[in-house]
Amino acid sequence: MQPCGGRPGKSIVPWASVFTMAAGCALALLLSLASAAQAQQPPAAAIRYDNTTRVFRLDAAGVTYAFGVNEAGELQSLYWGARLAAGDSFPAAHSRPGWASFDPPVNTTPQEFVAWGGGLYVEPDLKITFPDGNRDLVLRYVSHRIDGNRLLVTMKDISLEVYVTLEYQIDPATGILRRSATIENRTDAPFTIEQAFAATWNLPRANDYRLHYLTGRWAAEWQVQQQPVHPGKTVLESRRGTTGAQNNPWFAIDHQGENDPDHGAVWFGALGWSGSWEIAVEQDQVQDVRVSGGFNSFDFGYLLQKGQSLRTPDFYAGYTQNGMGGASRLLHQFEIGSILPHAPSPPLRPVLYNSWEATQFSVDEAGQIALAEKAASIGVERFVMDDGWFGERNNDHAGLGDWYPNPQKFPHGLKPLIDKVHALGMSFGLWVEPEMVNPDSRLYREHPDWVLYFPGRPRSEGRNQLVLNLARPDVRDWVFNTLNDLLNQNAIDFLKWDYNRNWSEPGWPQVPPDQEKNVYVDFIRNYYSILAELRQKHPKLEIESCSGGGGRVDLGVMRYTDEVWPSDNTDAYDRLIIQNGFTYAYTPGVMMAWVTDSPSWANHRTLSLEYRFLSSMQGSLGVGANLNLWTPQDFATAKKMIAQYKSIRETVQRGRLYRLIQPIDGSEQSATEYVGPDGRQTVVFAFLHSSSEMYPYPRLYLRGLDRTATYRVSALDGQLDAGTPQEASGAWWMSHGVYVDLTGDFQAAAFTLERQTEPGRAP
Ligand code: GLA
């Protein structure tokens, strides 16, 4: 007997396939569905191909995505939006007519992946220069394979042996798609790839779209921007050799005028790449809107040898009807469920202490032990020694590259400190910046050619340092071995992996000139391979991605790192804005947030310790203050608030985030709400920035609760209005709302709701 749905090339994943099947098969399938439900398995995704119409359809969670092979053999985009009925079928794809003699149909037909050739004027996904001077490339469908929730579609040039395999994977829980392209050289000569994107995402035609994106700079990352999608092209990018903070590789598009954060259609996506990247949002001459992205095409030129292939970064994208809030909640769920190390159950973040703001480069054994003892006394779970412990690192002019303990500061090596930290019941973390070198270092004196440079040209320094060329296999191996030895010789539980400048003069003179630009890809691949190999050799190791703050946060590095550092700006009010932007794209479960000294080094703002804690408790809590300056009262407050954080940590790090009031557009208040993964606990944080003219704090209408369940409220910090009931229904908290008693500048409050009844059941 044929397997159910067993046409060659057809998915046999159940669920949405049920309706296409013969009765016997459908029955078998329903039985298997029932047993799957019993076993509490996650809902499956479905990928189907209709041989008659030549249409591919992907369904999962709330999303349907469809494209077809049209009469020209192009992959024509058909639909991306809310999930359709299982019985809805798409007609075959037909290319659209061109526009006069100036726009052949290749420009007016929305395509999944299109190469530059045959009169293409819109954004291409692929551009190649061949050794004979030909630069024309026209891809046509060849074959496909469905493998569970993965679809592989192979295209080929009309005459050359150039193959491109598009990969699609749909996440059963969120409907988020992962797409990439693999370009294969089966010709008999090398060729140069000048542009390689992972995918084009086509949106339904509309002329009222609005683009949301994230911009920033050092100490001011994660600024949320929005602008109408106009005819023309908006390019979000990094040309820095790394992810960068100038733009983050994330976008979201909704309809203008949609102001409810939890309603309305949103198409959103993020690239998984920590090198130079590009996302182009284009509204073309016939008003179609497409988003495409991958390697940055500026200065790109990957020499692909015959027989070799190049895989683009992954481009993830999703759809929701639940507004910008819904889009970020889906991304958070996806990151926890599918991206982070140990997904779908990554461990919760421990409360950490970091010495950087307290000591800067003045670290030594006695000083660190003194801080560690104080940190342990307030409930800190991980102690991290930051910069300054190695080589001749007494300031930022020397030492990077010399990864051995400084003999004056640590005469007995790191062991006494690490043992002490462990004895205090904390794990131990260490700061490293492995891809960098100070010219004033042993490493550079021995290997001046290990950095990125063009011979005879200046080597521009940033923070007095140069970038090691990780694309070189010997440099890659040296970095790996150095870190591996450090981890073998010391009981280190955690690395804070920093990266404090971007590229300049990206030369690689040791390879032939036509191969030098491969550095843009090979460097990052080697960076990922070091992270992967270290994790494999040290399975308990955890890593934080940091780049002078939030300059290296993306879905590529997050596959290898457990947490990220969003910004060096640790002022607790500025952090509200930074954290608001960060969580548009990334989960609060990886967003490190330290409580530091007041007044802040960044802006001299003075904030109470409680305010600083409540700001940081909205992410993964850390402490970075100089504990040597704390009063007994500070220690008592910190101890209490760290204990409180531990009681809400799972809700904050794994829950659903609702932005009740955003700290943007001159708002005098902001408030966030986190509903825990099982809905039992909800936490609300409220902040008053300035209290001009004594206007009362607006009533907070909670979201995401069960209207019929009963919830008991308790203040975590600060006051609720005296008239607030102790218990009320979800309907009350959401529709009647709650007042918090905040009246003065830079005040904050937090409260929890604990569900008293089972979901959906009245008391
Ligand atoms: C970067 C990081 C900081 C700190 C310093 C140390 O700026 O973002 O947190 O580690 O480097 O030099």
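Among the residues of region 135-162, those that are open to solvent by 30 Å² or more (accessible area, probe 1.4 Å), touching a residue at least 24 places away in the same chain (Cβ under 8 Å) and over 30 Å from ALA44 (Cβ atoms) comprise ARG140, LEU160, GLU161.
For every residue, the table says whether it meets (1) in contact with a strand residue (DSSP E or B) (Cβ under 8 Å, 6 or more places away or on another chain); (2) more than 18 Å from TYR611 (Cα to Cα).
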{"residue": "GLN662", "(1), (2)": "yes, no"}
{"residue": "SER692", "(1), (2)": "no, yes"}
{"residue": "ALA709", "(1), (2)": "yes, yes"}
{"residue": "THR724", "(1), (2)": "yes, yes"}
{"residue": "ALA728", "(1), (2)": "yes, yes"}
{"residue": "ASP741", "(1), (2)": "yes, no"}
{"residue": "GLY744", "(1), (2)": "yes, no"}
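Note on region 560-573: residues that are out of contact with any strand residue (DSSP E or B) (no Cβ under 6 Å at 6 or more places or on another chain), farther than 12 Å from TRP218 by Cβ and touching a residue at least 60 places away in the same chain (Cβ under 8 Å) total 2. Considering the conditions (1) surrounded by fewer than 22 Cβ atoms within 10 Å (Cβ to Cβ); (2) within 32 Å of the chain's Cα centre (by Cα), THR129 is excluded by exactly one of them, (2). Within the span defined as region 698-714, one or more residues are open to solvent by less than 40 Å² (accessible area, probe 1.4 Å), touching a Ser or Thr at 6+ places or on another chain (Cβ under 6 Å) and over 19 Å from VAL652 (Cα atoms). Within region 335-357, residues that are of a type in the set (A, V, I, L, M) reach partners that are assigned to a helix (DSSP H, G or I) and within 16 Å of the ligand (Cβ to nearest atom) with beta carbons closer than 8 Å, at six or more positions or on different chains, in the pairs LEU340/VAL590. Taking residues in region 378-396 that are more than 10 Å from ASN354 (Cβ to Cβ) and hydrophobic (A, V, I, L, M, F, W, C), and partners anywhere that are within 13 Å of the ligand (Cβ to nearest atom) and part of a loop (DSSP other than H, G, I, E, B), the pairs with Cβ atoms closer than 7 Å and at least 6 places apart or on different chains are TRP389/VAL363; PHE390/GLY399.
This table checks each residue for (1) open to solvent by 30 Å² or more (accessible area, probe 1.4 Å); (2) more than 23 Å from VAL69 (Cα to Cα); (3) modelled with pLDDT of 95 or more; (4) among the aromatic types (Phe, Trp, Tyr).
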position: ALA173; (1), (2), (3), (4): yes, yes, yes, no
position: ILE176; (1), (2), (3), (4): no, no, yes, no
position: ILE183; (1), (2), (3), (4): no, no, yes, no
position: ILE193; (1), (2), (3), (4): no, yes, yes, no
position: TYR209; (1), (2), (3), (4): no, yes, yes, yes
position: LEU214; (1), (2), (3), (4): no, yes, yes, no
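Annotation note: Cβ proximity below 9 Å between a residue of region 664-679 that is farther than 19 Å from LEU716 by Cα and a residue that is assigned to a loop (DSSP other than H, G, I, E, B) and not aromatic (Phe, Trp, Tyr) (sequence gap 6+ or interchain) occurs for SER667/HIS689; GLU668/HIS689; GLU668/SER690; GLU668/SER691; PRO677/GLY655; ASP678/PRO759. State which residue is nearest to TRP277 (Cα to Cα) when the search covers only region 491-523 and only residues that are of a type in the set (D, E, K, R) and within 16 Å of the ligand (Cβ to nearest atom). The residue in question is ARG501. Listed conditions (1) assigned to a helix (DSSP H, G or I); (2) surrounded by fewer than 22 Cβ atoms within 10 Å (Cβ to Cβ); (3) without any contact (Cβ under 8 Å) to a residue 60 or more places away in the chain are all met by VAL421, apart from (2). Return the total of residues in region 449-475 being in contact (Cβ under 8 Å) with a residue 40 or more places away in the chain, crowded, with 21+ Cβ neighbours inside 10 Å and more than 28 Å from the chain's Cα centre (by Cα). Within region 449-475, residues that are in contact (Cβ under 8 Å) with a residue 40 or more places away in the chain, crowded, with 21+ Cβ neighbours inside 10 Å and more than 28 Å from the chain's Cα centre (by Cα) number 1.
Here is a yes/no grid of residues against (1) closer than 30 Å to PRO458 by Cα; (2) more than 16 Å from the ligand (Cβ to nearest atom):
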residue	(1), (2)
SER362	no, no
ALA375	no, yes
VAL380	no, yes
PHE390	yes, no
PRO411	no, yes
LYS420	no, yes
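The set of residues in region 236-266 being within 19 Å of TYR316 (Cβ to Cβ) and open to solvent by 10 Å² or more (accessible area, probe 1.4 Å) consists of GLU237, ASN247, ALA265.
Do you know which of the residues in region 630-641 that are touching a residue at least 60 places away in the same chain (Cβ under 8 Å) and surrounded by fewer than 20 Cβ atoms within 10 Å (Cβ to Cβ) is farthest from GLY676 (Cα to Cα)? Filtering region 630-641 for residues that are touching a residue at least 60 places away in the same chain (Cβ under 8 Å) and surrounded by fewer than 20 Cβ atoms within 10 Å (Cβ to Cβ), the one farthest from GLY676 (Cα to Cα) comes out as TRP630. Being within 14 Å of the ligand (Cβ to nearest atom), closer than 26 Å to LYS639 by Cβ and either at pLDDT 95 or above or open to solvent by less than 10 Å² (accessible area, probe 1.4 Å) (or both): is that true of MET385 here? Against the criterion (within 14 Å of the ligand (Cβ to nearest atom), closer than 26 Å to LYS639 by Cβ and either at pLDDT 95 or above or open to solvent by less than 10 Å² (accessible area, probe 1.4 Å) (or both)), MET385 qualifies.
Determine if region 476-484 includes at least one residue that is more than 16 Å from the ligand (Cβ to nearest atom), touching a residue at least 60 places away in the same chain (Cβ under 8 Å) and open to solvent by 10 Å² or more (accessible area, probe 1.4 Å). Yes: one or more hits.
Scanning region 513-549 for residues that are of a type in the set (A, V, I, L, M) and buried (at least 17 other Cβ atoms within 10 Å of the Cβ) yields VAL519, VAL521, ILE524, ILE530, LEU531, LEU534, LEU541, ILE543. Which of the residues that make up region 328-354 are among the hydroxyl-bearing types (Ser, Thr, Tyr), open to solvent by less than 10 Å² (accessible area, probe 1.4 Å) and either modelled with pLDDT under 95 or away from the ligand (no atom under 16 Å from the Cβ) (or both)? If the condition is that a residue be among the hydroxyl-bearing types (Ser, Thr, Tyr), open to solvent by less than 10 Å² (accessible area, probe 1.4 Å) and either modelled with pLDDT under 95 or away from the ligand (no atom under 16 Å from the Cβ) (or both), then SER328 is the only one that fits. Scan region 645-656 for residues that are under 22 Å from LEU702 (Cβ atoms) and surrounded by fewer than 19 Cβ atoms within 10 Å (Cβ to Cβ) and the total you get is 2. One residue stands out in region 549-588 among those that are under 20 Å from LEU531 (Cα atoms) and of a type in the set (Gly, Ala, Ser): the one that is farthest from the ligand (Cβ to nearest atom), namely GLY556.
The values are calculated or read from the model by the stated rules, or taken from the named source; none is laboratory data. The model shown is predicted, which means the values in this text are computed figures rather than measured ones. Cβ: placed from backbone, ideal geometry, glycine included. Neighbour counts: every protein chain shown. The area values use the complete protein model at the heavy-atom level, side chains included, leaving out ligands, DNA and RNA. Shrake-Rupley method; radii C 1.70, N 1.55, O 1.52, S 1.80 Å.
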